[in-house]
Structure formats: structure tokens, C-alpha cells
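The values are calculated or read from the model by the stated rules, or taken from the named source; none is laboratory data. What you are looking at is a predicted structure, and each value in this text was computed from that prediction instead of being measured. Cβ placement follows ideal geometry from the backbone for every residue including glycine, while neighbour counts extend to all protein chains displayed. Just so you know, the surface numbers come from the protein's heavy atoms only, side chains and all, with ligands and any DNA or RNA stripped out. Shrake-Rupley method; radii C 1.70, N 1.55, O 1.52, S 1.80 Å.
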Amino acid sequence: MAVFVQGVCKDVEWLGEGWGGWSARSYSIAINLIFILTTSRTVSEKMPLAFRMHLGSILTAVGALGLMGSDLFLRDVDNNNAMAVALFFIILIGAGGSFLQGAILGLAGALHARTISAFMVGQGLAGVLTGIIGMPLGDSRIAMAVVHVLLALMTLAVVPIICCGVGNNPLLKPLLYPEVQNTNGGNEREVASRMMQSSGQDSCATPHSGRSAPQLMVNAWPMVCTVFFTFFVTFLVFPSVAVMWQPVEHIKLVMATFQFMDVAGRAFAEVKMFRIDSECKVMACAALRIVFIPLFMVLQREEAEWARMLSVKVASMALFAFTSGYVSTLAMMLGPLQDGIRDEERSRIGSLLGFGTVHGIFWGSMLSVLTQIGV
């Protein structure tokens, strides 16, 4: 998306940095701040999951369409003003995505571990689909406009889906609209609980909780930190180090390998025979992924023939991507099931896991510059 308005911002530099750096930083700050906000006990009680989904979809759609409009209608405007307007819409997209993703994770956390697994697989498939659509379209303005319009339409579709579809499901209604429990004397809540118990799932609980986020972290920290560290290691070397591998002709295949193997890892976490139910083992798997940092740096710097072989790069990337998807999904599934977490707190644990995800991505990306020291 950031590429879309480079034309009107190409000559602008603020504090020595251009559009690319400011757009990435604005997006990251927005998505991280909203995740911090929504983990608050007060906010989670005042803003039901359905409201957060509606707000997130609207903000994302407005941001996408506004960013497209910035390129179409601000060509004759001062470039500094155009960049300020475009960054505003980037912030809307980041905030909207954070509201939407946090609410979906909260809903998944309150339901069942398989729901979180489905979310993780769907998120991975979205990345693959984006790449498949983007390859034939290229980076022309028409292609970017199509992508922005599709994004706006798809996110706006959340509103009628929640209002007219899943929002009326007796299993989901008390989670999306906790006030229903109070106005209907708990009838909706009882129906939802019976439905979940009859399907072999844990009892349903509304996302209200009496404990603050720091208090929840006393019990939730193992898997939140595992998710954080998994994504931190991933984004510390990917794509910053991987895109520097030589020869450059291998890069597209290496990037495609990451997309497909990441999804495969997320899907394998759902398969019973491959699932790890021990928190300590999942944390150990996350810690072992640190070996990929020196490995990727060696593949970038080493000039020996073996380091330039396509098979070595694809195999390394396949294992790296598979473990990233596999370990992160296991941690997300185990997060709401940790000892000391009550049923009514699982929704907020889902949001805390999302918080760990975006912070791992943020700090991994920010510190990735350290991997290029001496190059």
C-alpha cells in the first residue's frame, strides 16, 4: 500500500527520512498503540467485541479508500501536505486492522483452541492469496487501486456479517454483545454454554474480567512471551536478511517458500498427532529458533559455493517458515488454556496474544538493522 502514494511524496523528507520509513513507522505505531489500548480492562468492558469489529472494518476501509484518493487527488497539492494526509490514512489502516484483529482473536480465545488455529491458518492463507493476486497485477496504479477497493469492500463486509449473520448465533451473541446477558437475564448465555458443552467444548464466557492486563500477565506470560519471541526472531531476519541472499534470481522462490511453508506449519499445529500440549516444550521450540539468526546471516555473507546453492536456501527457508507458523500457532492455541486463567478471561488473553504478536513483529523489524552491521 505504501508504494501507492510514492508519486506525490517521493521528494519529501522529514527528519532525514522519506515516505517509506514514515509510512512503516506510522502503521506500526498505530497498530501497537491500539493493541495496548484494547488489552485494558476498562476498554474491554466498554467496547464489546462486535463494536470493535465494526469500528476496525470501517477505519480500515476509510483508510484504504483515502490512501487511494491521496494519489488521485493530491498531485497538485504541496508534497508535505500530501504526505501528512497520506500518513493519516496509513494510521487509520493500522488502527482499524488492530481493532479488527484484536477482536477476532478475543472471540477465538473465548471459544476454543481450534478457533484460534483456524484464525492463524486463515491469516497465513491471506498472505499467500495477496501474493498470488499481486503477481499478475504488478505495481501499476490501476493494480494498486484494485487492491485498495477490494480491501475496503472485504473489510466493510464484516459489518453485515456480524449484524445479520454470526451476531445472531446463540453461541456467539453473548460474546459479541455482553450486554445481552444482562438485559435477557442470562438466557442467551445459558443457551450458549449448553451448546458448547454438548459439542465437547469448554463453557462459554463473556469477555468481561475483573483483573487488569498486568494481573492477567501473571498467568498468561509464558505463551504471550513465546508468541512475541517467535515473531521477533522471524522478523529479525525476514525479509531484511533473506532478500540480500545471492544470487538475486533465487529471491522470488525463497519468498514463495516462506509463504507456503508458514501456512503449512500453522495447519500442522491443528493435526492431533503433531500437536504439542506442553507449554515448556513449545517455549523450548521457540528458543531453539534462535539458530536461524546466525544461519541466515551466514547465507548472506558467505561466498562459498554451498551458500549460493538454491537447495540450501530453500531448505533453510522452508524449515524457518514452518517452525514460525507451527510454534506461533501452538502458543496461540495454548494461551487461553494456561493455568490460573478463568473462562471469562479467555477473550482478553486472546487480545494479549495478539499484543505479543504485533510487538514481536515491531521489535524484530526495528532491530533487523543490527543484522547488517559489517556488511
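Summary table below
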read-out: Count of residues meeting criterion [within 30 Å of residue 334 (Cα to Cα) and among the aliphatic types (A, V, I, L, M)] in segment 79-127; value: 17
read-out: Filter result (of a type in the set (Asp, Glu) and crowded, with 16+ Cβ neighbours inside 10 Å) within segment 270-290; value: 270, 279
read-out: Wholly within segment 1-93, helices (runs of 4 or more DSSP H) carrying at least 2 residues that are aromatic (Phe, Trp, Tyr) and at pLDDT below 85; value: 19-38
read-out: Hits in segment 221-237 (condition: open to solvent by less than 20 Å² (accessible area, probe 1.4 Å) and either touching a Lys or Arg at 6+ places or on another chain (Cβ under 9 Å) or not in a helix (DSSP H, G or I) (or both)); value: 230, 233, 234
read-out: Among (1) within 30 Å of residue 71 (Cα to Cα); (2) among the polar types (S, T, N, Q); (3) at pLDDT below 75, the one test that residue 181 misses; value: (1)
read-out: Residue within segment 251-269 that is touching a Cys at 6+ places or on another chain (Cβ under 9 Å) and crowded, with 18+ Cβ neighbours inside 10 Å present; value: no
read-out: Verdict on residue 317 being out of contact with any strand residue (DSSP E or B) (no Cβ under 8 Å at 6 or more places or on another chain), over 27 Å from residue 116 (Cβ atoms) and at pLDDT 85 or above; value: no
read-out: Residue check, residue 304 farther than 28 Å from residue 120 by Cβ, among the aliphatic types (A, V, I, L, M) and at pLDDT below 95; value: yes
read-out: Residue identified as under 21 Å from residue 119 (Cβ atoms) and either out of contact with any strand residue (DSSP E or B) (no Cβ under 7 Å at 6 or more places or on another chain) or open to solvent by 10 Å² or more (accessible area, probe 1.4 Å) (or both) among 340, 350; value: 350
read-out: Conditions (1) open to solvent by 30 Å² or more (accessible area, probe 1.4 Å); (2) touching a residue at least 24 places away in the same chain (Cβ under 8 Å): number failed by residue 360; value: (1)
read-out: Search result, residues across segment 306-327 that are open to solvent by less than 60 Å² (accessible area, probe 1.4 Å), farther than 15 Å from residue 238 by Cα and of a type in the set (Ser, Thr, Tyr); value: 326
